[in-house]
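Undergrad: The following block contains the structure, expressed as structure tokens.
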Amino acid sequence: MSAQYIPVILAFGFAGLVAVTLVGLSWMLGRGKLRAVRKTETYESGMPLLDGSRKRVSVKFFVVAMVFIVFDVEVAFLLPWAVSVRELLAEGNKLVIVDGLVFLVLLSVGYVYLWREGAFDWSRRGSES
Amino acid sequence: MWAELAVTTAKVVVVALAMVTTVPIMVWVERRGAAFIQDRLGPNRVGPLGLFQPVIDVVKLIFKEDVTPAAANKGLYYLAPLISLGVAMVTFIVIPFGAGHDVSLFGVPLRGLIVAPDLNVGVLYLLAIGSLSVYGIVLAGWSSNNKYSLLGGLRSSAQLISYELAMTLAVLGVLMATGSLHLSDVVARQSGAVWHWNAVTQVIGFAVFLVAAFAETNRLPFDLAEAETELVAGYHVEYSSMKFACFFMAEYLNMATASALTVTLFFGGGTLPGVTLTGWLGLFVSTAVFVAKMCFFLWLFVWVRWSLPRFRYDQLMQLGWKGLLPLATLNLVWVGIAMTMGWLR
């Protein structure tokens, strides 16, 4: 049963080999040239940096991540249903479509709530217009 | 046993190298295509029609000085491009590039030009591994210790996960119609006639999938992650030499994978309506048909890039969450009703 994963392992090995070879090659060939301190400074706009690079970021990113987790789990629930629909319909079990629709309706209740709360509006100005 | 392993290894190497070869070709097509769209010549000095320009560029990039920013987190900084390129090189192994179920090589049945024909998670593998690419981008953005990189990486991760939902929902419609996770079954169900193609029976799903594919590959009009006018180069500002090229190659590989996936899921893969061929001829013809269809979508990527302006970030998020997500769900409902009514084959 696990023999089906042999090609996957081989592909991962080959991809890793190619990636490491390319980077390693340029690491070896691109070494030992002019070393200037300026070169390794953090790039901004030609000016010396006045502060650190890691600052607080908009909370919107976290909201998107949380909403994504919720919906991704819902999609994960839908996957086995979607794959088995055809077989069940062929057996004359038409209720399976109703099952899916009920799930989608329940999902859309949460979706409408998030929409009205403004979870999908990136800028507040955008939501007013 | 050993012969089987040898054939599998050969398939891994052949398919991976073929996909990697599309990268320099696409770089050339992109630059020449852009030039023609903008009414100029583009690179035309190195080799016939400038065809060797990408090769020269690779040689140049390998010999470039390998600069590591002093402020960077070294380990993650080196790991990020490896993840990006590595992931881009393993996503396409479940895509059937050609038929040939009756062909055998050295006594081993070839089972089509597909690296992992037996993988029972099929499409799920593709979606799972495909979404790993976000790690490369986020790690690059974080470890570079640069404002532009950080913003580019964050933007990109939010964009990728937003559009992944719509993409997965669009794929669900295809899975419903197929009843299997094997991509070869998806192709087999679309054979016979053009109106069996999922692009015809599920127009909404196809439209959602195509838009989401553009967003997932970070291509214009959705290249907010590296919006030059705002973020210089986004998550790879601090990268140079071959490490930069890794991100670059990964982008073009993802583009090729997205094109191949679109052809497989919605355009009948390597099947030609009304033509049934067997043996080696069938293998070659179906591969040629697949590549021809794929070329169209690859050109579409270039065409769109040089024709449409970039989205604003709030517009991008609104399109993903308020536009594509309901549309993809609508497609699911449509497929469900059509299947109950027996409209779909």
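The values are calculated or read from the model by the stated rules, or taken from the named source; none is laboratory data. Quick caveat, the model's predicted, so the values are computed rather than measured. Please note: Cβ atoms are built from the backbone with ideal geometry, for glycine as well, and neighbour counts cover all protein chains shown. These accessible areas exclude ligands, DNA and RNA; they are computed on the full protein's heavy atoms, side chains included. Shrake-Rupley method; radii C 1.70, N 1.55, O 1.52, S 1.80 Å.
Undergrad: Run down B:VAL121, B:VAL90 and say which single residue is without any contact (Cβ under 8 Å) to a residue 40 or more places away in the chain and of a type in the set (Val, Ile, Thr).
TA: B:VAL90 is the lone residue from the list that is without any contact (Cβ under 8 Å) to a residue 40 or more places away in the chain and of a type in the set (Val, Ile, Thr).
Undergrad: Somewhere in the stretch B:13-25, is a residue more than 26 Å from B:CYS295 (Cα to Cα) and touching a residue at least 12 places away in the same chain (Cβ under 8 Å)?
TA: No, the stretch B:13-25 has no match at all.
Undergrad: Another question, if that's okay. All but one of (1) on the phi > 0 side of the Ramachandran plot; (2) buried (at least 19 other Cβ atoms within 10 Å of the Cβ) hold for B:LEU298; state the number of the condition that does not hold.
TA: Single failed check for B:LEU298: (1).
Undergrad: Then there's this: Does A:ALA65 count as open to solvent by 30 Å² or more (accessible area, probe 1.4 Å), under 30 Å from B:VAL335 (Cβ atoms) and at the interface with chain B (Cβ under 9 Å from one of its Cβ atoms)?
TA: So A:ALA65 fits the description; yes.
Undergrad: Right, next: State all residues of the stretch B:144-169 that are more than 21 Å from B:LEU220 (Cβ to Cβ), assigned to a helix (DSSP H, G or I) and not β-branched (Val, Ile, Thr); if no residue qualifies, say none.
TA: The answer is B:LYS147, B:LEU150, B:LEU165, B:LEU169.
Undergrad: Using beta carbons and a limit of 8 Å, which pairs, at least six apart or on different chains, have the first residue in the stretch A:89-117 and closer than 18 Å to A:VAL70 by Cβ and the second one not in a helix (DSSP H, G or I)?
TA: A:LEU114/A:PHE120
Undergrad: Among the residues of the stretch A:83-92, are any more than 8 Å from chain B (Cβ to nearest Cβ), touching an Asp or Glu at 6+ places or on another chain (Cβ under 7 Å) and either more than 30 Å from A:TYR43 (Cα to Cα) or open to solvent by 50 Å² or more (accessible area, probe 1.4 Å) (or both)?
TA: No, the conditions are met nowhere in the stretch A:83-92.
Undergrad: State all residues of the stretch B:252-288 that are open to solvent by 10 Å² or more (accessible area, probe 1.4 Å), assigned to a helix (DSSP H, G or I) and without any contact (Cβ under 8 Å) to a residue 40 or more places away in the chain; if no residue qualifies, say none.
TA: Result: B:LEU281, B:VAL285, B:ALA288.
Undergrad: Read through the list (1) open to solvent by less than 50 Å² (accessible area, probe 1.4 Å); (2) away from chain A (no Cβ under 14 Å), then give the number of the only condition that B:ASN44 fails.
TA: Condition not satisfied by B:ASN44: (1).
Undergrad: Just to be sure, is B:VAL23 in a helix (DSSP H, G or I), within 14 Å of chain A (Cβ to nearest Cβ), surrounded by 15 or more Cβ atoms within 10 Å (Cβ to Cβ) and at pLDDT 85 or above?
TA: Taking the combined requirement at face value, the residue satisfies it.
Undergrad: Please count how many residues of the stretch B:89-102 are part of a helix (DSSP H, G or I) and facing chain A (nearest Cβ under 8 Å).
TA: Number satisfying all stated conditions: 1.
Undergrad: Residues of the stretch B:319-328 being modelled with pLDDT of 90 or more and open to solvent by 40 Å² or more (accessible area, probe 1.4 Å), which ones?
TA: B:PRO326, B:LEU327
Undergrad: Check whether at least one residue in the stretch A:105-128 is of a type in the set (Lys, Arg) and more than 27 Å from the chain's Cα centre (by Cα), and report yes or no.
TA: no
Undergrad: Then there is this: Restricting attention to the stretch B:177-198, which residues are more than 23 Å from B:ILE93 (Cα to Cα) and either at pLDDT 85 or above or open to solvent by less than 20 Å² (accessible area, probe 1.4 Å) (or both)?
TA: B:ALA193
Undergrad: Filter the stretch B:83-109 down to residues that are in contact with a helix residue (DSSP H, G or I) (Cβ under 7 Å, 6 or more places away or on another chain), surrounded by fewer than 16 Cβ atoms within 10 Å (Cβ to Cβ) and hydroxyl-bearing (Ser, Thr, Tyr), then give me how many there are.
TA: 0
Undergrad: Cβ-Cβ below 9 Å, separation at least six or inter-chain, first residue in the stretch B:306-320 and among the basic types (Lys, Arg), second open to solvent by 60 Å² or more (accessible area, probe 1.4 Å): which pairs?
TA: Short answer, once both residue conditions are applied: B:ARG310/B:THR229.
Undergrad: Here's another thing I want to ask about it. Could you run through the stretch B:199-209 and say how many residues are of a type outside the set (A, V, I, L, M), open to solvent by less than 20 Å² (accessible area, probe 1.4 Å) and assigned to a helix (DSSP H, G or I)?
TA: 2
Undergrad: Taking the condition of being among the aromatic types (Phe, Trp, Tyr) and within 12 Å of another protein chain (Cβ to nearest Cβ), how many residues in the stretch B:103-155 meet it?
TA: 3
Undergrad: Mind counting the residues in the stretch A:34-62 that are surrounded by 11 or more Cβ atoms within 10 Å (Cβ to Cβ), among the charged types (D, E, K, R) and more than 28 Å from the chain's Cα centre (by Cα)?
TA: Here the count works out to 2.
Undergrad: Let me confirm something: among A:SER58, A:SER26, which residue is of a type in the set (Ser, Thr, Tyr) and within 23 Å of B:ASP57 (Cα to Cα)?
TA: None of the other options fit; the residue is A:SER26.
Undergrad: From the list B:GLU238, B:GLU251, B:GLU230, pick out the single residue that is away from every other protein chain (no Cβ under 13 Å) and among the acidic types (Asp, Glu).
TA: B:GLU251
Undergrad: Next question, about the same structure. Name the residues in the stretch B:69-82 that are open to solvent by less than 40 Å² (accessible area, probe 1.4 Å), more than 8 Å from every other protein chain (Cβ to nearest Cβ) and modelled with pLDDT of 85 or more, would you?
TA: B:TYR77, B:ALA80, listed by residue number.
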